[in-house]
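The structure under discussion appears below in the form of structure tokens.
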Amino acid sequence: MIEVVRPGPLTTVQDLGRPGLAALGVCGSGAADRWSAALANRLVGNLDGAAVLETTFGGLVLRFRRAARVVVTGAPCPIRRDGAGQAMNAPFTVWPGAELTLGTPSTGLRTYLAVRGGIGVDKVLDSRSTDLLTGLGPAVLSKGDVLPIGRDECGPPPAVAVAPVPGPAGTALIVRVIPGPRDDWFTGKALRTLSTATYEVTSESNRVGVRLAGPPLTRARTGELLSEGMVPGAIQVPPSGLPLVFLADHPVTGGYPVIGVVLSGDLPVLAQARPGQPVSFRLVPRSLPRHATDVPWAAAV
């Protein structure tokens, strides 16, 4: 019911992913910026787990074969419905035969499009998410693909015409980190560097992880570490000393030490970081729950 006229640099189907399957070698995957994906679903009355489209750096053009209620959230970009402008974070109707175009974001990296009823592709391991690392789930969108509009359970849309939420920051980002579990493999200087230096997002970043350039983190131990489980937000440090922060499509195990873990509530911030954008880390007590989060739009919807 939705034809892909132009997929842009990278567009995938994403939902809440496949949690709880790491023991089988399957990572969680799902939307990289879960704040924006959940907001999009709520604005059209979907449940949070409905599948949406995640497009990286815009360029998506869709043709609708039936009427649909849609909304666009995340990285703010120009939205055109048959040439007429539409607003971000504001639901609208696309009529049969109409084309919807998402331009290049002004800030941020990933934009989300939700359709009332969800994107109805087949589930794999109880999820419709595309996992770029393992190849699970639907393929990356290509020109000519046709996506069904789903029939997922919907509730009444919220009584708001637009959600007044800020877009991703275009300036330096600050994210919170809990030290460990392998911070003892690093020198005290490395922890001070991590918490005081400014790093820069590199162009090698993707849904697997954010690669950073900046001061290397020095080890106190030089031996080999047995592979162990990885989680989203893990800051893995390879021999180069340059940190890599895992995102949605991360591997489930890794053999490089993890100096700290980014709070899951701050992962949507990193998911919107563009190449060249500065990132700083702030250490927080180990007693703070790793999932601690401040959802910026909770009061708006």
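Within region 49-67, the set of residues being in contact with a Ser or Thr (Cβ under 7 Å, 6 or more places away or on another chain), surrounded by 20 or more Cβ atoms within 10 Å (Cβ to Cβ) and within 19 Å of D152 (Cβ to Cβ) comprises L53, E54. Scanning region 214-233 for residues being open to solvent by less than 40 Å² (accessible area, probe 1.4 Å) and under 21 Å from the mean Cα position of the chain (by Cα) gives a total of 2.
For (1) touching a Pro at 6+ places or on another chain (Cβ under 9 Å); (2) small (G, A, S); (3) under 22 Å from R80 (Cβ atoms); (4) at pLDDT below 95, each residue gets a yes or a no:
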{"position": "P7", "(1), (2), (3), (4)": "no, no, yes, no"}
{"position": "G20", "(1), (2), (3), (4)": "no, yes, no, yes"}
{"position": "A23", "(1), (2), (3), (4)": "no, yes, no, yes"}
{"position": "A32", "(1), (2), (3), (4)": "yes, yes, no, no"}
{"position": "W35", "(1), (2), (3), (4)": "yes, no, no, no"}
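Scanning region 91-117 for residues being assigned to a loop (DSSP other than H, G, I, E, B) and in contact with a helix residue (DSSP H, G or I) (Cβ under 8 Å, 6 or more places away or on another chain) gives a total of 2. Where strands (runs of 3 or more DSSP E) fall wholly inside region 194-259, the ranges with 3 or more residues that are touching a Phe, Trp or Tyr at 6+ places or on another chain (Cβ under 9 Å) and closer than 17 Å to D183 by Cβ are 234-236. Given the structure, is L173 of a type outside the set (F, W, Y), closer than 22 Å to D249 by Cβ, modelled with pLDDT of 95 or more and out of contact with any helix residue (DSSP H, G or I) (no Cβ under 8 Å at 6 or more places or on another chain)? Taking the combined requirement at face value, the residue does not satisfy it.
Taking the residues in region 139-162 that are among the β-branched types (V, I, T) and assigned to a loop (DSSP other than H, G, I, E, B) as candidates, determine which candidate is modelled with the highest pLDDT. Ranking the qualifying residues of region 139-162, first place goes to V140.
The values are calculated or read from the model by the stated rules, or taken from the named source; none is laboratory data. This one's a predicted model, so the numbers in the text were calculated from it and none came from an experiment. Neighbour counts run over all protein chains shown; Cβ positions are idealised from the backbone, glycine included. To get the accessible areas, we keep the full protein, side chains included, count just its heavy atoms, and leave off ligands, DNA and RNA. Shrake-Rupley method; radii C 1.70, N 1.55, O 1.52, S 1.80 Å.
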